[in-house]
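Peer 1: First the structure, then my questions, so here it is.
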Amino acid sequence: MGIKILTEHINVPGIETLEVYRKHGGYRSVEKALKTMTPDEVVEEVKTSGLRGRGGAGFPAGMKWSFLAKPEGVPRYLVCNADESEPGTFKDRVFMEKNPHALIEGMITSSYALGANTSYIYIRGELLFVLRILEKAIAEAYAAGLLGKNILGSGYDLDLHVAPGGGAYICGEETALLESLEGKRGNPRNKPPFPAVKGLFQSPTVVNNVETIASVPWIVNNTGAEYAKIGIGRSTGTKLISASGNINRPGVYEIELGVPVEEFIYSDEYCGGIWKGKQLKAVVPGGSSVPILPADLIMKTAAGEQRLMTYESLSDGGFVSGSMLGSGAFIVFDEDQCIVRNTWNYARFYHHESCGQCSPCREGTGWMERVLHRIEHGHGHQQDIDLLVSVAKQIEGNTICPLGDAAAWPVASAIRHFREEFEWHIKHPQEATAPGAVYRGQLAAATV
Amino acid sequence: MAKITFDGIEVEVEDGTTILQAARKIGGDVVPPAMCFYTPLKGSGGKCRVCLVKVTQGSARDPRPMPKLVASCITPVQDGMVVENTTNEEVLNARKGIVEMLLINHPLDCPVCDQAGECDLQNLSYEHGVSATRYEEPRRTFDRVDLGPYIQLHMTRCILCYRCVYTADQITEKRVHGVLGRGDAAEIGTYIENVIDNDFSGNVIDVCPVGALTDKTWRFKNRVWFTKPLNAHRDCPTCSGKVTLWGRGDTVLRVTARKDEYAEVEEFICNTCRFDKKEMTDWTIEGPRHIDRGSVISANHYELPVVNVPIVPNLPKSTVKKMPTE
Amino acid sequence: MIQNAFKFSDKALAEIQRYISHYPEGRQKSALLPALHVAQAENNGWVSPEAMDAIAEILNIQPIEVYEVATFYTMFNLKPVGKHVLEVCRTGPCCLRGADQMIETFKQKLNIEEGETTADGMFTLKPVECLASCGTGPMLQVRETYYENLDSEEAVDQFIEMMRNKEVETPEWAK
C-alpha cells in the first residue's frame, strides 16, 4: 500500500460533511496558508513539489501558476476544470462525489496563492448531482467562515461558485471551458493571448484540474519537498487512476507514481487481473485520446525495460512504441475485443465532440468515422487504411486546440499496432462482421 | 517596430502586426491565403487554417522554432522572426490537406453558383487542391433558405468561416442569425424562421468567401466575368454611398461594396444602396473599377486594351498587363 | 404551428437569479447554461423556443445567442421527449463491458430506435457519449441520477419496470 494523499479518508462515513471532514484534519491547509504563509510562499511550495497538471497534459502546476499576470486593479480568477469527459476517466467525479470538501479546501488554498477573490468550479452538466453535493459543502464552508469575507480572520476574501456545463467534451479544453463559463458556445479560443493573461472575463486566469487542486492542501501541510519525495523522477506524488474495461476490479485507485504497469493490472490491490480468466490484448493507458498499446508494449518498453506508471515511462518510445499517462484513464482490452470496432467507436466520439470551428477537425473527424464505420461493417477497401493514416496526419497539429490531435492519435496508433486486424476486416468482410468475430492472428505475439 | 524575414524577404512592421499582415505588406505570391480572417472584422480568423505557416525562428531573442505550424492571421510577429510559407514543403502539404478538408463537403456546383469567378475557395482549390477527391462518403447537404427578401442562404456551400456572424455582430444593431449546432453538423441559421432585416444586413453577402450567402436581386442574372465593374457613389444618408456597380451596358445588375485585392471591403454599405439603387441614374459614375484579385474577373479587364507600355506611356499602373509574348 | 406558451415558476426564476449573482456585473450571460438546465426541468425535459426567448429576456441578450448555445450542448433537448429520457452511454469503455448489448436490449424491449420515444410517451432512448462512469458500465443517466452496471437482460428488465412506476425527479431548487 502506497501513501494516500487524496483518498486516505475518502471512504470514511460522513466525510462529505464539514464536521467529519474537519475531524480528519480537513481545512488545516487553509489555516496554515492564510495565517502563516504569503501567497508567494504557497506558490513556491507547489513549484518545489513538482506537481504536474492532472487533467492530461502534465504541465508543472507551479510553473503554470507563476505565469499568471498580475496587473494592478484587475481581478484574477482560479477556475477548476471539473469537466471530466475524456472516455475512460471518472476519477474526478468519484472524488468530488465522495469528498467535496477536499476540493473546496484545495480551491481556497490555491485561490489564496494566486490572489483570486472569486473562483469557479466548472463541472460537466451531466454531473448536476455532484454539483448539488458541492454546493451543499460550499454552503457549509461559508457558514463556518471558510469562504466569504475575511476567512478565519485572515483578511482574505473568497467567493466560490459551481457552474454547470451542458454536454460538450470540448469544454475540458481550458479556453473552451472559459467560453462556456461565460455562457457561450464551447469554441476554443485562439492563442495567444493565453488565459494567464486574458482568461475568464478577459482577466488573468488559471485553470486547473480537480485532482491538481486537491493535491495542494497536502503540499501546504507537508511541504513541497516532502511531496517531491513521493514518486519517481519528474513524476512526483500520487495519481488517481480510473481503471476500466475488461478487468476484475474496475474503479479509481490512488497510486504512487512509479508502480509497474504489470503490477497495476494484475495485483489484487488494483485491477485484479483480466476478467473471466482471459488474455490481455491491449491497453489505452491515459484516456481515449492517447495511443493504444498492444499487451507486450504496455508491459515493457521497446528497449525491454519494465513499463512504469509514470509520465516518462508510459511515453517512452514516443508514438512509435509508447503512449502517455494522460488523465490516468487506464482502459483494458481482453482478447475478445475488436480493435477496429473500438477505433470506430472512438472516432465517432471525436466526430460527435468536435466543436466545428476549424476545418481540419470539423471535416476530418467525420471523414475518419465514416471510413472506419465502413471497414467495421464490411465495406472497406485496402486503400482505406492508408487513407485513414493520411487524414489523421492532415488533422494532427493543424487545429486550434488539441482535440484534433486527440482524434488523430487513437486512429493512427490502432493502425500502427494492429494493422493486420484492419486488413483482415477488409479482406474477410463476411467473417469479420459475424457476431462476436474477433481477429486473433496478432494476439499470440502481443499477449503476455 | 519588428523586422521579420518572410520567405526570405525582409520586411519591417509595427509591433503587434500579425504575420499575415506583414506578408501582405510584401504582397504578391508569398501572401498566405485567408478564408476566415477579415481585417475589418474584429475577432475573425484562426478557423479555416489555410494560412498556416512555419515559424523557423521565433524571434531574435528566442530563436527556437515554433513546434507546430501557426495560423499567420492571428499570430503576432516578433522582432527577428523567420517565417516560411511558399518555401516550405510542410506548409504546402498541410495547406493542400486543409483545402481537401474544405472541399469534402463543398458541392462543386460552380457552374450554377453566383459566386463563381470571385470565389475564394475556387481560387484556393485551383492553386492548392488536387483534381481528384479521395472522399467517397455521403456529403452534407441542406435546403436553401431565404433570409428575408434579399439574401439567400445556401448552407451546403458554407465553410463556416463565421465572417457573416461577426459582421452582424459588429455592424448591425441586432444579430438574428448565428452558428447553430456543432461539429460538421453546425450551420448558419436563425433557428426559428427569422428575417435578417437591418439596414446593413446585405454586407454578409460581401464578406462570404463562397457562395453560401448570395444576393437574391442578382441571382442567376449573369456571370460575374461578363459584367463590368464601375466605381460609383451617391449621397446616402445611411452609409458612405461608395460602391462598385456591376452591369452590362446601361443595366446595373448588382451593387457591392468596394473590395481590395484580398476581397476585404473598404467600407460597408447599406441595403438601400445595395438592393434598391439599380439604375445608372441613381449614381455618380467615377470610372472603371480595377479588380486586382486572383479571380477570373481580373482576366477580363476592360479599362483599356491589353497594352504594351512603351506604346502608350504614362498609364496608371493598374492597367499594365504583360503581353503573352513578353 | 403549435404554441408552447412558457412561463418560469417563481422558484425557477429565483434559481436563475442565484446563478446570475455568481458573476460580475454585466456578465449575466454566464448564467445561460444553468438557465437552460432550469428551463429543461420546468418544461417536461425539453427546451422550447419560447423557453429560450424567455431566457434571453431574463439575461438581456439576443434570442439567437440562446439558440446558438442550446444547439451546441447535447444535454438540451430541443424537441419534446418522453417522460423518462434514457441517456445511454455508447462510448468505448462502456462498450468493453457490454454497452452495445444494453442499447440493443433497450431497443427491443421498448420497441424503439435510438432517438425515438415510445408510443405511450414513457421513454425516449438517447445515446450519449462518455458519462464518466466507466468503472460501472454499462450505464445510463435519467435526469440527475446515474443507473449503473446494467450488464444483463434481467438488469434492463428490472430497470424498465422500476422506471415505469417512477415519477420524474424534482431538482433540488424546486423542492
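Here, each number is a calculation from the coordinates, and none is a lab measurement. Bear in mind the structure is a predicted one, so any value in this text is a computation, not a measurement. Here the Cβ positions follow ideal geometry from the backbone for every residue, glycine too, while neighbour counts run over all protein chains shown.
Peer 1: Please list, in chain and number order, the residues 5+ apart from C:K83 or on another chain whose amide H is under 5 Å from its amide H, with Hs placed from the backbone.
Peer 2: The answer is C:M122, C:F123.
Peer 1: Using each residue's phi in the stretch A:290-307, evaluate 6.51 cos²θ - 1.76 cosθ + 1.60 at θ = phi - 60° and report the 3J(HN,Hα) Karplus result to the nearest Hz, with x for Gly and Pro.
Peer 2: With the stated coefficients, the stretch A:290-307 comes to 7, x, 7, 10, x, 3, 5, 6, 7, 7, 9, 6, 4, 7, x, 7, 4, 7 Hz.
Peer 1: With each label point set 7 Å from Cα along the Cα-Cβ vector, what nm distance links B:V195 and A:T223?
Peer 2: 7.5 nm
Peer 1: Taking 8 Å as the Cα distance limit and 6 or more residues as the minimum spacing, I'd like the relative contact order of the stretch A:194-269 as a percentage.
Peer 2: Dividing the mean separation by the residue count of the stretch A:194-269 yields 17 percent.
Peer 1: Let me ask you something else. Considering only C-alpha atoms, what is the centroid distance from the stretch A:41-63 to the stretch C:58-90, in Å?
Peer 2: Answer, in whole Å: 37.
Peer 1: Once phi is turned into θ = phi - 60°, what whole-Hz ³J(HN,Hα) does the Karplus curve with 6.51, -1.76 and 1.60 give for every residue of the stretch B:22-32, x standing for Gly and Pro?
Peer 2: Running phi through 6.51 cos²θ - 1.76 cosθ + 1.60 with θ = phi - 60° gives 5, 5, 5, 5, 6, x, x, 6, 7, 5, x Hz.
Peer 1: Please identify the DSSP H helices in chain A that span no less than 20 Å along the helix axis (Cα) and have a mean Kyte-Doolittle hydropathy of 0.0 or more.
Peer 2: Details: long enough: A:100-114 (21 Å, 0.65); A:128-143 (22 Å, 1.12); A:339-353 (21 Å, -1.12); A:359-376 (25 Å, -0.84); A:403-427 (32 Å, -0.25).
Taking the DSSP H segments of chain A (at least 20 Å long, mean hydropathy at least 0.0), we get A:100-114, A:128-143.
Peer 1: Based on DSSP, what percent of beta bridges with both residues in the protein assembly as shown are antiparallel, to the nearest 5?
Peer 2: Details: 62 of 92 bridges.
Of the beta bridges lying entirely in the protein assembly as shown, close to 65 percent run antiparallel.
Peer 1: Let me ask you something else. Run the dipole for chain C about the Cα centre, Lys and Arg Cβ at +1, Asp and Glu Cβ at -1, nothing else charged, and hand back the magnitude in debye, nearest 20.
Peer 2: Working: 16 positive and 27 negative charges, 66 e Å.
Charge dipole of chain C: 320 debye, to the nearest 20.
Peer 1: Could I ask something else about it? Return a whole-number percent for the relative contact order of chain A, with Cα pairs under 8 Å and 6 or more residues apart as the contact set.
Peer 2: Working: 938 pairs, mean separation 69.1, N = 448.
It comes to 15 percent, rounded to a whole number.
Peer 1: What residues have an amide H closer than 5 Å to that of B:L180, excluding those fewer than 5 places away on the same chain, when H is modeled at 1.01 Å from N in the peptide plane?
Peer 2: Here B:E187, B:I188, B:G189 satisfy the definition.
Peer 1: Can you give the helix-only mean residue ellipticity at 222 nm for the protein assembly as shown, where every DSSP H stretch with n ≥ 4 adds -39500 (n - 2.57) and the sum goes over all residues, rounded to the nearest 500 deg cm²/dmol? Please list the in-between numbers first.
Peer 2: Values: 32 runs with 316 residues, N = 949.
When only DSSP H runs of four or more count, the value is -9500 deg cm²/dmol.
Peer 1: Expressed as an acute angle from 0 to 90° and rounded to the nearest 10, what is the orientation of the C-alpha long axis of helix C:153-164 relative to the principal long axis of chain C?
Peer 2: Value to nearest ten degrees: 40.
Peer 1: For A:R234 and A:L152, what is the calculated FRET efficiency with R₀ set at 45 Å and r taken between the beta-carbons, to the nearest 0.05?
Peer 2: Details: r = 35 Å, r/R0 = 0.78.
For R0 = 45 Å, the calculated efficiency reads 0.80.
Peer 1: Please identify the GluC sites (Glu not before Pro) of the stretch C:1-45 that satisfy two criteria: DSSP loop assignment and at most 12 other Cβ atoms within 10 Å. Which are they?
Peer 2: Details: sites: C:E15, C:E25, C:E42; in loops: C:E25.
Answer by residue number: C:E25.
Peer 1: Which of the three applies to chain B, rounded, prolate or oblate, going by the alpha-carbon gyration tensor with a ≥ b ≥ c and a/c under 1.5 meaning rounded?
Peer 2: Cα axes put chain B in the oblate bin.
Peer 1: For the stretch A:1-17 and the stretch B:49-124, what is the separation of their C-alpha centers, rounded to whole Å?
Peer 2: 51 Å
Peer 1: Would you kindly derive the ³J(HN,Hα) couplings of the stretch C:21-34 from the backbone phi angles with the Karplus curve 6.51 cos²θ - 1.76 cosθ + 1.60 (θ = phi - 60°), listing them in order in whole Hz, with x for Gly and Pro?
Peer 2: 5, 7, 10, x, 3, x, 10, 5, 4, 4, 7, 5, 5, x
Peer 1: Taking the stretch B:135-197, which trypsin sites (Lys or Arg not before Pro) meet the DSSP loop condition and have no more than 14 other C-beta atoms within 10 Å?
Peer 2: On the way: sites: B:R139, B:R140, B:R144, B:R157, B:R163, B:K174, B:R175, B:R182; in loops: B:R139, B:R140, B:R144, B:K174, B:R175, B:R182.
Listed in order of number, the matching sites are B:R139, B:R144, B:K174.
Peer 1: Let me ask something additional. Taking the 0 to 90 degree range and rounding to the nearest ten, how far is the long axis of helix C:49-59 tilted relative to the main principal axis of chain C, both from C-alpha atoms?
Peer 2: The helix C:49-59 is inclined about 50 degrees to chain C.
Peer 1: Sticking with this structure for a sec: Compute the distance from the alpha-carbon center of the stretch A:145-178 to that of the stretch B:260-291, in whole Å.
Peer 2: What the calculation gives is 51 Å, centre to centre.
Peer 1: What is the spin-label model distance, in nm, from B:E173 to B:R139 if the labels are put 7 Å beyond Cα along the C-beta direction?
Peer 2: My value for the distance between the label points is 4.1 nm.
Peer 1: Estimate the FRET efficiency between C:A5 and A:E305 by the formula 1/(1 + (r/R0)^6), using the beta-carbon distance for r and 51 Å for R0, to the nearest 0.05. Could the numbers behind the result be given before it?
Peer 2: Details: r = 68 Å, r/R0 = 1.34.
Result of the calculation: an efficiency of 0.15.
Peer 1: Restricting to DSSP loop positions (anything but H, G, I, E, B) with no more than 11 other Cβ atoms inside 10 Å of their own Cβ, which GluC sites (Glu not before Pro) remain in the stretch B:141-208?
Peer 2: B:E173, B:E193
Peer 1: Using the beta-carbon distance between C:M163 and B:T87 and R0 = 56 Å, what value does 1/(1 + (r/R0)^6) give for FRET efficiency, to the nearest 0.05? All intermediate terms of the calculation are to be shown ahead of the outcome.
Peer 2: Details: r = 64 Å, r/R0 = 1.15.
Efficiency computed from Cβ-Cβ geometry: 0.30.
Peer 1: Counting only the backbone N, which residues of the stretch B:6-47 are under 12 Å from the spot 7 Å out from the Cα of B:T56 toward its beta-carbon?
Peer 2: Within reach of a label on B:T56: B:6-9.
Peer 1: Here is a follow-up. At most 13 other C-beta atoms within 10 Å and a DSSP loop state: those are the exposed chymotrypsin sites (Phe, Trp or Tyr not before Pro) I care about. Give me the longest piece of chain B that has none.
Peer 2: Numbers: sites that count: B:F220, B:Y302.
The segment B:1-219 is the longest one with no such site.
Peer 1: As a footprinting exposure proxy, order B:H233, A:H381, A:H425, C:H84 by other Cβ within 10 Å, with the fewest listed first.
Peer 2: Numbers: B:H233 15, A:H381 12, A:H425 27, C:H84 23.
With the fewest neighbours first, B:H233, A:H381, A:H425, C:H84 line up as A:H381, B:H233, C:H84, A:H425.
Peer 1: Label the protein assembly as shown by shape, choosing from rounded, prolate and oblate, from the square roots a ≥ b ≥ c of the eigenvalues of the Cα gyration tensor; if a/c is under 1.5 it is rounded, and otherwise prolate applies when a/b is larger than b/c, oblate when it is not.
Peer 2: Working: a/c = 1.60, a/b = 1.53, b/c = 1.04.
The shape class here is prolate.
Peer 1: Still on this structure, please answer the following. Sequence-distant or interchain residues sharing an amide H contact under 5 Å with A:G231, placed H: which?
Peer 2: Under 5 Å from the amide H of A:G231 lie the amide H atoms of A:G237, A:L257, each far enough along the sequence or on another chain.
Peer 1: Going by a ≥ b ≥ c, the root eigenvalues of the Cα gyration tensor, does the stretch A:307-426 fall in the rounded group (a/c under 1.5), the prolate group (a/b larger than b/c) or the oblate group? Don't skip to the end; give the middle numbers.
Peer 2: Details: a/c = 1.74, a/b = 1.11, b/c = 1.56.
Oblate is the answer for the stretch A:307-426, as a/c is 1.5 or above yet b/c matches or exceeds a/b.
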